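The values are calculated or read from the model by the stated rules, or taken from the named source; none is laboratory data. Computed from a predicted model, the values in this text were never measured in an experiment. Here the Cβ positions follow ideal geometry from the backbone for every residue, glycine too, while neighbour counts run over all protein chains shown. These accessible areas exclude ligands, DNA and RNA; they are computed on the full protein's heavy atoms, side chains included. Shrake-Rupley method; radii C 1.70, N 1.55, O 1.52, S 1.80 Å.
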Amino acid sequence: MDSMVEDRRDEPHTDFMYCCGAITETLKFGSCQLHSGHKVLFLIIPGNPGVVGFYKTFMQTLHSMFGYRHPVWAVSHAGHCVPPDTMDIVDDTSSAAEKDVFGINGQIEHKLAFLRKHVPRETSLVLVGHSIGCYIILDMMKRDPELKVLKAVMLFPTIERMALSPQGRVMTPVLCHMRYVAYLPLFLLSLLPERLKSSLIKLVLGEFLLQPSCPNAMYMGGQEMKKVLERDNVTIKKHLKKLIFYYGATDHWCPVQYYHDIKQDFPNGDFRLCENGFRHAFVLDAGREVANMVVEWISGDLRT
């Protein structure tokens, strides 16, 4: 009987909603709705594409390692999910365009709006960012200083000089200038019969590329190249004791030099360099291992 209860605890719940007028997917382990009795929430802010399903193993491990005591949620980026048949990408096209909800600024406001609507202000937050999710978290803490952040864990953080990174130099022209060229073949492929389209997807493209959310991820990526420039040292200094940074040793989005630079600028900060060979997209094959490390890092902060 106990094992059956534990199995149910490990079953996530998926919700689709409109937030800031854009389709949003949430993946939730533990409580699906929060009340004042929930003291701590783990909230995962993904990289790009912001597809919450990638983080399932990582989240499941966090949830179980803390004894199922704390809910673990992930919120997709606005428009980075496949909507159910009954929903569209946006519920108000003009409003979404006016707010630029798919851009980097809109995505930051999207996360703050989600918190305001779904998380009680008295709930302490453990924010876990991956890649551009780390940049979003820093800006959230800057824009809303009253957020009750207990700890913010930055995994493979792309918080500065993205276009100058090795991967950024390759991808900037694609994301900023050539993405419109990519839209035409994607559109044409979407017109093919489902069976043929499915075969092509499996053969060369990968499922995400033919989804209506793909252009939104590319648009956000282009803005990242243009807007993620200088590191926000003011916000980092203000919240230094709450921040943990984990850099990859072979991360082409965030070279090791960035780790050495930030460590030199903030000698009292908690900056760690990967010794395990994990790649930037760790959720694809090392979600469990990284989650175990996160538990080790922050367990002391959650003791009551």
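Roll a 1.4 Å probe over the protein chains and send me the accessible area per residue for the range 214-263 in Å².
Here the residues of the range 214-263 average 46 Å² of exposed surface.
Over the range 1-136, with every protein chain in place, what whole percent of the accessible area is carbon and sulfur at 1.4 Å, could you tell me?
Result for the range 1-136: 49 percent of the exposed heavy-atom area is carbon or sulfur.
If we count every other residue with Cβ under 12 angstrom of residue 46's Cβ, Lys/Arg +1 and Asp/Glu -1, where does the sum land?
+1
Just to make sure I understand: if all protein chains stay in place, what is the order of 247, 68 by accessible area at 1.4 Å, largest first?
68, 247
Leaving ligands, DNA and RNA out of it, work out the accessible area of residue 20 with a 1.4 Å probe and give it in Å² to the nearest 10.
40
Out of the GluC sites (Glu not before Pro) in the range 205-304, which ones are loop residues according to DSSP with at most 15 other C-beta atoms within 10 Å?
In loop regions of the range 205-304 (DSSP not H, G, I, E or B), the sparsely surrounded GluC sites (Glu not before Pro) are 230, 275.
Taking amide H atoms as placed 1.01 Å from N in the peptide plane, list the residues 5 or more away in sequence, or in a different chain, whose amide H sits under 5 Å from that of residue 272.
It is 245, 246, 247, by chain and number.
Determine the alpha carbon to alpha carbon distance for each of 99/151; 111/226; 99/238; 28/117; 148/241 and list only those over 18 Å.
Distance filter (> 18 Å) returns 99/151; 111/226; 99/238.
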